[in-house]
Amino acid sequence: MTILEKLHRPVVLAGVLVCASIILLPTAGKRRAEATAARSAAAAAQSSELDVIVRFKAPLTKSQHKLVNSYGGRLYRELPIINSAAYHIPKPGFKNLLASGMVASYGIDHKVKASMDVTAAAVGANIANSYGWTGQGVGVAIIDSGIANPVHPDLTDSSGKSRVSYSTYLRQESTTDDLYGHGTHIAGMIGGRGTDSTGPQYTRTFKGVAPGVTFVTFAVLDQYGAGTDSNVIEAIQQAIALKSKYNIRVMNLSFGRPVFQSYRTDPLCQAVEQAWKAGIVVVVAAGNNGRDNFFGTEGYGTINSPGNDPYVITVGAMRTMGTVTRGDDVLATYSSKGPTLIDHIVKPDIVAPGNQIRSTLALGGRLRHQYQVNDVDLSYYVKGGSTQRGDQYYEMSGTSMATAVVSGAAALLIQQDPTLTPDQVKARLMLTASKTFPLWANATDPSTGITYTVRHDIFSVGAGYLDVMAAINNTNKAPGPALSPVATYNAATQQVTMSDNVNGTIAIWGTRAIWGTGAIWGTQVINGSLAVWGTGAIWGTQTVSSTLAVWGTGAIWGTGAIWGTNTSIGTESDPLAVYGEK
């Protein structure tokens, strides 16, 4: 089977990026071959035309569009930041285009779907705020489903003026309003001021991590929380162009889709790298597929794109257990785990609160209309309040929420020291993250009665649990790149080791760097050795039936991609977003 034929499998053509409902197939073996063959036949019957993002060897010009047009293609979006453009093109014409010698790489234009009362205190943000670190003056680009219009009172400044400096839409619905309800919730977690829950009549205040930031919002996800790669890439390139005007220093991407190709050629990954290199800290959701054990991987190898890119900060979700103290917090069992498919990058980079988080409500969002059960009861935060559901705050769950918490933390660090580079922000957050976790955590799904177990290791919690005050008090400035390292599996010894050499670039950690592996990932997480784990060092007999059950099938370590049944970009699925993990 040729690379082109593999790319054109029906699951790819279906194209939707959903963080919460991906069934993984191994890269080798009878089950994958049978399933992909069936999907390929179905796709061929359904479509004779592709939506494809083409990256050219030379900068984008009209002559390339004419060439594509000569093969029957039609341009629908220019993406010059990655020398690319998105086209509708017949399959035969696409084969001819590839044969022209002008194409550097390509990818299907996958669809994407949208992947503080206790939260801020759990990571120490409330203390940082009390010292004046609020993210004041820092612009945060939120590429999501938009922010509700009129703007929620919590997203205004002290004079009541909206802190949304700029907003636009890059989707079919011609409005910047939040039709889904996800983007407004994310904005509140990053920078809500708690305006509608502050005063003597309130028992709880719902504040974001960085209540002084300003927002630049791009509505790319529709009323169902879904979009496409090209929508997102266009938003990223607009954010880069607006960086100086609105001091955009942080970009929040609370969504993801399955990994279909190496980050080196994935258009979505290439776009986030451009933002990073332009001086914008890019924070991305890990995904919500940590419970997926369909092929015996125990949820490992389920990190979503663009969270698989080594430049960005990829975030997993913790459960606060409804308390301010961190001592009882555990990883949410749905939080996606590394290493990444194809490239085997060590991810996530860090974890933060993401389960059952209360934040600003978009009254007109589809989620709220369909699931009013998650409106926050007045009795929860109003003195003498009834059990009537309020219309200001909403509860949601997922790695999307955890991503917003880390975006807020990045804004605080940048306000404190505007000279920090994205690599320095990433390194400081990872270096100062808490490394203390219980060995195991369990959660039972009330709808199925299934109990899920997670182990707190390097591929589930990364460098540890976000600690805002530790990061604020740290003065280290990483002198080089903070690319997430590569994991390598030795089948003979059944050990996984880390290398900080990515694309020939030596990162700031590792044996030859200024910080050893223990400083970043902690001795408890990696067992105090460059060998991340062997047959019993990490897993033991209680974690999986055998070490080979996770590492030996090729599902993680194969050279090909693992293809999901749903390929769109998106946020959490509705059930996960609404119910979370109890």
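Summary table
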{"quantity": "Hey, Gly408 touching a helix residue (DSSP H, G or I) at 6+ places or on another chain (Cβ under 8 Å), over 22 Å from Pro485 (Cα atoms) and outside the structural domain of Asp329 (by TED's automatic domain parsing) or not", "calculated": "no"}
{"quantity": "Residue in segment 262-276 that is modelled with the highest pLDDT, counting only those that are over 13 Å from Pro310 (Cβ atoms) and surrounded by fewer than 24 Cβ atoms within 10 Å (Cβ to Cβ)", "calculated": "Gln274"}
{"quantity": "Helices (runs of 4 or more DSSP H) wholly inside segment 340-449 containing at least 2 residues that are touching a strand residue (DSSP E or B) at 6+ places or on another chain (Cβ under 6 Å) and under 30 Å from Gln201 (Cβ atoms)", "calculated": "378-381, 399-416"}
{"quantity": "Residues of segment 40-66 that turn out to be part of a helix (DSSP H, G or I), modelled with pLDDT of 95 or more and buried (at least 16 other Cβ atoms within 10 Å of the Cβ), as a count", "calculated": "2"}
{"quantity": "Residue in segment 128-150 that is of a type in the set (A, V, I, L, M) and more than 23 Å from Gly570 (Cα to Cα) present", "calculated": "yes"}
{"quantity": "Test: residue in segment 196-204 that is in a strand (DSSP E or B) and modelled with pLDDT of 95 or more", "calculated": "no"}
{"quantity": "Whichever residue in segment 288-327 is touching a Phe, Trp or Tyr at 6+ places or on another chain (Cβ under 8 Å) and of a type in the set (A, V, I, L, M) and, among such residues, is surrounded by the most Cβ atoms within 10 Å (Cβ to Cβ)", "calculated": "Ala317"}
{"quantity": "Selection status of Ile472, part of a helix (DSSP H, G or I), surrounded by 16 or more Cβ atoms within 10 Å (Cβ to Cβ) and modelled with pLDDT of 85 or more", "calculated": "yes"}
{"quantity": "Checking Gly212 against (1) modelled with pLDDT of 95 or more; (2) under 21 Å from Tyr381 (Cα atoms), the condition it does not meet", "calculated": "(2)"}
{"quantity": "Residue match in segment 166-179 (condition: among the hydrophobic types (A, V, I, L, M, F, W, C) and touching a strand residue (DSSP E or B) at 6+ places or on another chain (Cβ under 9 Å))", "calculated": "yes"}
{"quantity": "Candidates Thr184, Thr228 - the one that is within 27 Å of Ile53 (Cα to Cα), under 18 Å from the mean Cα position of the chain (by Cα), buried (at least 24 other Cβ atoms within 10 Å of the Cβ) and of a type in the set (Ser, Thr, Tyr)", "calculated": "Thr228"}
{"quantity": "Flag if Ser165 is more than 30 Å from Leu466 (Cβ to Cβ) and either of a type in the set (S, T, N, Q) or in a loop (DSSP other than H, G, I, E, B) (or both)", "calculated": "no"}
{"quantity": "Selection within segment 222-232 - modelled with pLDDT of 95 or more and more than 14 Å from Arg77 (Cβ to Cβ)", "calculated": "none"}
{"quantity": "Residues of segment 400-433 classified as surrounded by 24 or more Cβ atoms within 10 Å (Cβ to Cβ) and in contact with a Pro (Cβ under 8 Å, 6 or more places away or on another chain), total", "calculated": "3"}
{"quantity": "Identity of the residue in segment 337-358, among the small types (Gly, Ala, Ser) and modelled with pLDDT under 95, that ends up surrounded by the most Cβ atoms within 10 Å (Cβ to Cβ)", "calculated": "Gly354"}
{"quantity": "Options Thr333, Thr323, Thr302, Thr403; residue that is hydroxyl-bearing (Ser, Thr, Tyr) and within 20 Å of Val140 (Cα to Cα)", "calculated": "Thr403"}
{"quantity": "Wholly within segment 83-159, helices (runs of 4 or more DSSP H) carrying at least 3 residues that are within 28 Å of the chain's Cα centre (by Cα) and modelled with pLDDT under 95", "calculated": "119-122, 125-130"}
{"quantity": "Matching residues in segment 45-82 - criterion: being under 30 Å from the mean Cα position of the chain (by Cα) and aromatic (Phe, Trp, Tyr)", "calculated": "Phe56, Tyr76"}
{"quantity": "Filter pass, Ser162 being crowded, with 17+ Cβ neighbours inside 10 Å, of a type in the set (Gly, Ala, Ser) and more than 17 Å from Met396 (Cα to Cα)", "calculated": "yes"}
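The values are calculated or read from the model by the stated rules, or taken from the named source; none is laboratory data. In this text, all values refer to a predicted model and were calculated from it rather than measured experimentally. Neighbour counts are summed over all protein chains in view; Cβ atoms, including those assigned to glycine, are modelled from backbone coordinates with ideal geometry.
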